[in-house]
1. Residues to consider are B:Val63, B:Val110, B:Val73, B:Val102; find the one that is out of contact with any Leu (no Cβ under 8 Å at 6 or more places or on another chain), within 28 Å of B:Gly138 (Cβ to Cβ) and assigned to a helix (DSSP H, G or I).
2. Which is within 14 Å of chain B (Cβ to nearest Cβ), surrounded by 24 or more Cβ atoms within 10 Å (Cβ to Cβ) and farther than 30 Å from A:Glu106 by Cβ, of A:Ile191, A:Ile265?
3. If you go through the stretch A:213-223 one residue at a time, do you hit one that is free of Cβ contacts under 8 Å to residues at least 40 places away in the same chain and among the aliphatic types (A, V, I, L, M)?
4. Please determine whether any residue of the stretch A:70-82 is open to solvent by less than 10 Å² (accessible area, probe 1.4 Å), part of a loop (DSSP other than H, G, I, E, B) and more than 12 Å from chain B (Cβ to nearest Cβ).
5. Output the residues belonging to the stretch A:1-25 that are within 12 Å of chain B (Cβ to nearest Cβ) and of a type in the set (A, V, I, L, M).
6. I want to confirm something. Restricting to the stretch A:362-386 and keeping residues that are more than 23 Å from the chain's Cα centre (by Cα) and not in a loop (DSSP other than H, G, I, E, B), which single residue is surrounded by the fewest Cβ atoms within 10 Å (Cβ to Cβ)?
7. Tell me, which residue of the stretch B:130-147 that is out of contact with any Phe, Trp or Tyr (no Cβ under 8 Å at 6 or more places or on another chain) and at the interface with another protein chain (Cβ under 10 Å from one of its Cβ atoms) is surrounded by the most Cβ atoms within 10 Å (Cβ to Cβ)?
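The values are calculated or read from the model by the stated rules, or taken from the named source; none is laboratory data. A quick note: this is a predicted structure, and the numbers were derived from the prediction, not measured. Every residue, glycine as well, gets a Cβ built from its backbone with ideal geometry; the counts of neighbours run over all protein chains shown. Note: accessible area is taken over every heavy atom of the protein model, side chains too, but ligands, DNA and RNA are not part of it. Shrake-Rupley method; radii C 1.70, N 1.55, O 1.52, S 1.80 Å.
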Amino acid sequence: MYPLSFSIAHALPETILAVGALLLILVGAIRGEKSAPLVAELAIGLLTLALVVIFIGAKTTATVFDGAFIDDQFARYMKALVLIGSIVTLILSRDFLRRENIDQFEFPVLVMLSTLGMLMLTSANSLISLYLGLELMSLALYVVASFHRDNLKASEAGLKYFVLGALSSGMLLYGASLIYGYAGSVSFPGIAAALKSGPAIGVVFGLVFLLAGLAFKMSTVPFHMWTPDVYEGAPTPVTAFFASAPKMAAVAITLRTVMVAFPNITHEWRQIVMFISVASMALGSFAAIGQTNIKRLMAYSSIGHMGFALVGLAAANAAGVEGVAIYLAIYLVTTLGVFAAIVAMRVQGRSVENISDLAGLSRTDGWMAFFMAMLMFSLAGIPPMAGFFAKYYAFLAAVQAGLTPLAVIGVLLSTVAAFYYLRIVKVMYFDEAAPAFDRAPFAVRAVCAVATALVFCFWVYPAPIVEAATNAARAFF
Amino acid sequence: MTAAVAFFYLFSMIMLASAFMVIAARNPVHSVLFLILAFVNAAGLFMLAGAEFLGMILIVVYVGAVAVLFLFVVMMLDVDFAEMKRGFLQVLPIGAIIGGIVAIELILVVGSWTVAPAGSAPVGSPITPGVTNTVALGRVLYTQYIYLFQAAGLVLLTAMVGAIVLTLRHKVVKRQVIAEQNARTQASVVEIKKVPFRAGV
């Protein structure tokens, strides 16, 4: 066993967030109601510090805390994505929460605790640490979903998410206990070793339940029902959070679980992943067409995008993991940009969320309309925007793994999805102008602009992301 | 040995009887009290099995906290348990038959049970002689499982923060200031007005 200092050095981002969250609770409790802006700034600072630590920290792989926690290139890559999602969420939320009069210091603390759960989840190397990370992440998410507690829709969203989340936790635990019972180990390498001789029926049974629990967190079909309601009901910055950071962590742990714990029964889990992937792509593409609320539309869009990302996972090779990693990075940036634009949708101090409210945006706020249009092109996967390359890498891996039909279905469904993205562009540029939006705060516009710039410039200089993703994929092969 | 066996039967019988009384008692407060009795006897069974830590935790957590919480809920909420349980003992035979069928099914399943070859490797931790449960748990809880232990702590912290955020309302409360009360004089608070006859105030 390693000394504790070695373990903590490898879990430094987590340690920073855990200690930081405790200190921020103290700051909030001592300084009272007025401390909300200070705590939010400190939380952004601590999350950024954790991100910096990941960038400049050791690049070695180590399994610490008695096999419960692994620090490798893949974990660091995904953690960086998670932290970016959380930081941008906090930046977007400051002005919004103040205007909605729910500016409490607990919000940044809960986002930090949730982020801590996501980091732990990303690094989980055993079923127990997986479950604890998942619960830490989810519990804080349930609370921030209904953070606007006097709002009926927000309360409904929180309650719905909580009840269904508890159900999914139950399924996950049931699966985990079956796997432990049949494989005789809770650690991922231990499970893989027990399955050397092929699949045991009990383990496959448990695997199904485990993947069901994880699919709920990724909000993929058939465990997606909560997504539209929760996305619509939760305050917009919280929705941005839901659509970004937790998805990164959930996909990361799904990937790690199947790659590290079940590499010997690829055939078994690949069927499940392929089904989830196709079903999510189809539902995300067709169900979003009839939506009038942009947050609901983004909910279906996120379901669809998780389906596209899982195409790479179904490939189950290094190119597939790389594809998923690239896909998630691009999805994260695009989604955060789009949600920044949605946060900016305010008419006379009141936030609006209908697609029709965007009508004629090109005449009332040309830049915002341009940003939104570029991000929509990226989500639709139109070259040369980054979204095209995201799909390209994911589908390429599937074709290499001999899953050409899956890739063909993906391409066809992405053209269906393009319809509703392009409709938003049409509404913004060609419809009669709706009342102009209030001028958004600088930070929100900046997030939108930076996201657009990144999405726009990916094809010019893709090397940093692609290289990082290749290194991340090397952690498994 | 015989003493242990005798105590086993004693605890088991009281536990079964009180468990039955939990569902049969008319008064819900009596039900909770029988529940506590069942917990205490279960703790006794744990002690007999050599799991003294579990036994003590059962008393501390379930008797000390959970059952008292139940008692609060039962006494504070006006739930008509008698109405809810009406006719319960009449349908008991049907319930017993269904329970019996499920039990037979379980016995059949367990009877034809074979352990998968992959799972046959011994997974339990051996008991070190001369080390009590509490010591053995303490040795691994803060060393081997420190990460998981702290993670569980953070989960509980999050739950607590969440419960406070969602329910606490900062009300404006009028506080008693005794000095101010004592400093009041008749002159400072009573005002005498002359009211003209038949003119109102």
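1. Numbers: B:Val110 fails: within 28 Å of B:Gly138 (Cβ to Cβ); B:Val73 fails: within 28 Å of B:Gly138 (Cβ to Cβ); B:Val102 fails: within 28 Å of B:Gly138 (Cβ to Cβ).
Going through B:Val63, B:Val110, B:Val73, B:Val102 in turn, just one is out of contact with any Leu (no Cβ under 8 Å at 6 or more places or on another chain), within 28 Å of B:Gly138 (Cβ to Cβ) and assigned to a helix (DSSP H, G or I): B:Val63.
2. Exactly one residue qualifies, and that residue is A:Ile191.
3. no
4. Within the stretch A:70-82, one or more residues are open to solvent by less than 10 Å² (accessible area, probe 1.4 Å), part of a loop (DSSP other than H, G, I, E, B) and more than 12 Å from chain B (Cβ to nearest Cβ).
5. A:Met1, A:Leu4, A:Ile8, A:Ala11, A:Leu17, A:Ala18, A:Val19, A:Ala21, A:Leu22, A:Leu24, A:Ile25
6. The residue in question is A:Gly366.
7. Initial filter on the stretch B:130-147 (out of contact with any Phe, Trp or Tyr (no Cβ under 8 Å at 6 or more places or on another chain)): B:130-131, B:135-136, B:138-140, B:143-145.
This time we only want the ones that are at the interface with another protein chain (Cβ under 10 Å from one of its Cβ atoms), so: B:140, B:143-145.
On the way: B:Val140: 13, B:Thr143: 12, B:Gln144: 15, B:Tyr145: 17.
So, considering only residues that are out of contact with any Phe, Trp or Tyr (no Cβ under 8 Å at 6 or more places or on another chain) and at the interface with another protein chain (Cβ under 10 Å from one of its Cβ atoms), the one surrounded by the most Cβ atoms within 10 Å (Cβ to Cβ) is B:Tyr145.
This table checks each residue for (1) closer than 21 Å to A:Leu134 by Cα; (2) part of a loop (DSSP other than H, G, I, E, B); (3) open to solvent by 10 Å² or more (accessible area, probe 1.4 Å).
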{"residue": "A:Leu49", "(1), (2), (3)": "no, no, yes"}
{"residue": "A:Val53", "(1), (2), (3)": "no, no, yes"}
{"residue": "A:Gly67", "(1), (2), (3)": "yes, yes, yes"}
{"residue": "A:Gly85", "(1), (2), (3)": "yes, no, no"}
{"residue": "A:Ile91", "(1), (2), (3)": "no, no, yes"}
{"residue": "A:Arg94", "(1), (2), (3)": "no, no, yes"}
{"residue": "A:Asp103", "(1), (2), (3)": "no, yes, yes"}
{"residue": "A:Leu110", "(1), (2), (3)": "yes, no, no"}
